[in-house]
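Enquirer: One structure coming up, written as structure tokens, with questions to follow.
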Amino acid sequence: MIPVCSMSSVALWVKPDAFDFGAIHAPLPPKLTLHNLYKLSIYARNKGKAGYPKLSYSVWKHVACNKLQISEDLAWLYFETFDMLSGSSFKEHSSWNKSFAQCKSVEEIDHLRSQGSVRTLQFILFLYIQQIHKISFKASLVSGGEEWPTRSRSPDLENKGSVAVKSLDEHDHMMFVLHHLNDILELLMEPESSASGSGSEACLTVEALDALGFLITGSIDRRTIHPLHEIARLQPERPKCGYSKISRTFSFRQLQSWLRSNLQVNPFGVSAILAHGFRQQHEVQEQNFLSLSDTFDEHSLLRHHESEPSTASKETSLNRSRIMSNTSYAPPEQRVTILSQVCKQTIAKASDSYSGSTVKVHRCHYSYIYILCPLRAVTVENCHNSTIVLGVAKTAVNIIGCCNCTFFAVCERISFSGCSDCTFNLCTPTRPVILPGNEKLVLAPYHTYYPTLEEHLQGPWGIPIEPNLWNDPLVLAPDRAEGPSTVYCELPPQDFFTFTIPFSMKGSTDGPPIPLPKKYEKALKEREKAINNWYQLVKTSSLSKQQRRQLQKDVQDRFQEWLADSGHATQLNGLVPAHSGKS
């Protein structure tokens with residue numbers, strides 16, 4: 001129960017996850033229309049327990065493939081993505097994923113999938129919001145902006161550093177819901193009430209408002225989050241939203257008016273963080289730097305310049321870099337951390353205070369970023385020439401508009417759009433989604449570790465490591481008539497190496513816990529054997545001391561050349577504090 005306060009002020013806002021990670025940035029199926037979603041609602045109710053209040057995958061697959069002309073792969077993507085965001089997944093990690101990993105045929109997979117079900121009304125809302133990317137999809141992808149709804153961007157936000165357009169679109173999400181609120185509420189109505197033709201006199205049930213909670217949440221004190229249907233039934237709010245305790249229904253007209261009057265931009269979202277100005281920064285000389293032998297259990301944020309630049313360039317880089325968070329004041333489910341315009345720096349983060357937060361990385365260039373915490377979700381946008389290592393992400397990782405980057409991610413789902421020349425080292429129990437606009441992507445299995453990785457995998461934010469579908473992407477790119485081979489390829493085993501995270505932490509994981517495909521494991525063993533053979537050759541050779549010194553010098557010189565040519569020298573320089581060379 002929500003404590004009633006006479007001074008309470010209702011604030012409602014659109015949930016960010018539904019749009020950020022649920023609205024798939026791909027062309028909308030032509031038949032996924034409002035009219036057909038009405039028909040889906042009626043059809044599901046007529047199917048009994050297989051359709052309502054929970055919709056089974058078998059019923060959805062029939063409608064999607066036979067009525068809406070949606071491919072089976074896309075139908076499952078919608079179903080599985082909604083389930084991931086629903087908060088009550090039919091996938092129990094200890095059973096469903098194990099069963100899936102053991103499936104040996106398409107028929108066995110279909111049978112397993114048919115056992116899944118999702119909340120019908122919420123799923124219909126999920127399908128409805130897919131149209132947010134409908135207008136001028138290709139134009140918006142090329143430009144990196146959004147054409148609907150058109151609005152002038154706040155000068156205040158422009159002056160805050162213009163963090164990614166897609167990271168600041170919570171205002172667009174709110175406007176989308178307001179603009180389509182009548183349709184959204186009608187989708188939630190009982191069919192007989194909707195068919196009466198008197199929408200202004202119609203009612204919605206408590207269950208319908210509970211379903212609307214998939215898109216909208218709120219608070220009465222701006223500290224504690226409450227479900228929408230509970231807020232609407234507070235004694236002071238009942239007359240405003242037309243709630244009848246006897247019939248347990250809301251007046252359509254009054255409820256819509258109440259929602260419109262209370263809906264606002266997310267008070268814990270990106271724009272609020274920018275306005276709040278909570279910025280985690282320290283002067284370079286006051287930072288606690290992290291070296292290869294240090295531990296950073298107690299470090300909140302660690303930043304290093306890759307070299308010793310001039311004072312002017314230092315100040316410019318620091319002024320442009322923006323690292324902000326609401327973790328000090330936001331409820332756990334609304335915590336967000338933003339890293340924007342980090343350039344030529346190494347950042348490492350492993351504090352428990354960020355566990356379960358959503359991370360947004362934007363416009364980071366020539367940098368190395370390690371976020372080794374269990375996370376809720378991650379968005380990475382418009383980064384180039386960087387390496388980004390992420391902790392376990394409970395839901396989704398979206399990579400948008402990145403170039404020449406290397407990613408390491410363990411997550412429930414990952415998608416790429418508008419990326420080129422990027423390498424993704426992955427562990428994910430769902431198929432990676434390759435959206436339009438990508439080229440020259442390289443997929444590889446995840447093979448690194450940090451000391452708390454296994455703890456994170458088994459904790460509340462963990463995900464199953466089997467099956468690992470890293471090399472079985474779903475390519476949603478109809479503009480690529482020449483086939484998916486031009487969009488992505490698997491990393492050749494001869495180019496595969498173990499990636500070492502150059503920090504020590506407290507923890508029990510002392511090696512990569514995620515199994516490797518045999519061909520990559522074989523490649524690592526062969527490389528290790530070649531190295532051992534080299535050591536043995538040098539050891540058993542009859543070189544003189546002078547020859548050994550010359551050989552050592554030649555190897556060291558060649559190693560330094562390789563570091564410079566490969567760019568790894570930049571990363572090593574970034575790991576050494578600028579003041580470490582001072583006497």
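We did not get these values from a lab; they are worked out from the coordinates using the rules stated. Fair warning: this is a prediction, and the values are worked out from it, not measured in the lab. Quick reminder, even Gly has a Cβ in these numbers, built from the backbone with ideal geometry, and neighbours come from all protein chains shown.
Enquirer: Need the list of lysines near Lys519 for cross-linking: C-alpha distance under 16 angstrom, and skip anything on the same chain fewer than eight residues off.
Expert: Lys529
Enquirer: May I pose another question? With θ taken as phi - 60° and the coefficients 6.51, -1.76 and 1.60, list the Karplus ³J(HN,Hα) couplings across region 492-506 in order, rounded to whole Hz; mark glycine and proline as x.
Expert: With the stated coefficients, region 492-506 comes to x, x, 5, 9, 8, 9, 6, 9, 9, 7, x, 9, 9, 9, 6 Hz.
Enquirer: Could you work out how much longer the chain between Lys529 and Ser504 gets when fully extended? Use 0.36 nm per residue separation minus the Cα distance between them, nm to one decimal. Intermediate results must be reported in sequence, preceding the final value.
Expert: Numbers: separation 25, 0.36 × 25 = 9.00 nm, distance 2.67 nm.
Extra length available between Lys529 and Ser504 comes to 6.3 nm.
Enquirer: So how much slack lies between Gln546 and Arg248, counting 0.36 nm per residue of separation and subtracting their Cα-Cα distance, in nm?
Expert: Values: separation 298, 0.36 × 298 = 107.28 nm, distance 9.20 nm.
Here the segment from Gln546 to Arg248 would lengthen by 98.1 nm.
Enquirer: Taking the Cα-to-Cβ direction at His180 and at Ser328 and moving 7 Å from each Cα, how far apart do the two end points lie in nm?
Expert: The modelled label-to-label distance comes out at 3.8 nm.
Enquirer: May I ask for the distance between the Cα centers of region 235-278 and region 1-80, given as a whole number of Å?
Expert: Cα centres, region 235-278 to region 1-80: 21 Å.
Enquirer: Starting from the 7 Å offset along Cα-to-Cβ, what nm value, one decimal, do you get for the label separation of Ser566 and Leu537?
Expert: Between Ser566 and Leu537, the simple spin-label model gives 1.8 nm.
Enquirer: A follow-up question, please. To the nearest 0.05, what FRET efficiency results for Asn66 and His111 with a Förster distance of 22 Å applied to their C-beta separation? Working shown, then result.
Expert: Numbers: r = 19 Å, r/R0 = 0.86.
Taking R0 as 22 Å, the efficiency between Asn66 and His111 is 0.70.
Enquirer: Could you check the spin-label model distance between Asp221 and Ala101? Points 7 Å from the Cα along Cα→Cβ, value in nm.
Expert: Between Asp221 and Ala101, the label points sit 4.4 nm apart.
Enquirer: In straight Cα distance, which lysines are under 26 Å from Lys91, not counting same-chain residues fewer than 8 positions off?
Expert: Partners found: Lys15, Lys47, Lys49, Lys54, Lys61, Lys104, Lys394.
Enquirer: Which length gain, in nm to one decimal place, applies between Lys440 and Asp557 when the Cα-Cα distance is subtracted from 0.36 nm times their residue separation?
Expert: 38.8 nm
Enquirer: Can you sort Leu372, Leu551 from fewest to most other Cβ atoms within 10 Å of each residue's own Cβ?
Expert: Numbers: Leu372 24, Leu551 13.
Taking fewest neighbouring Cβ atoms as first place, the list is Leu551, Leu372.
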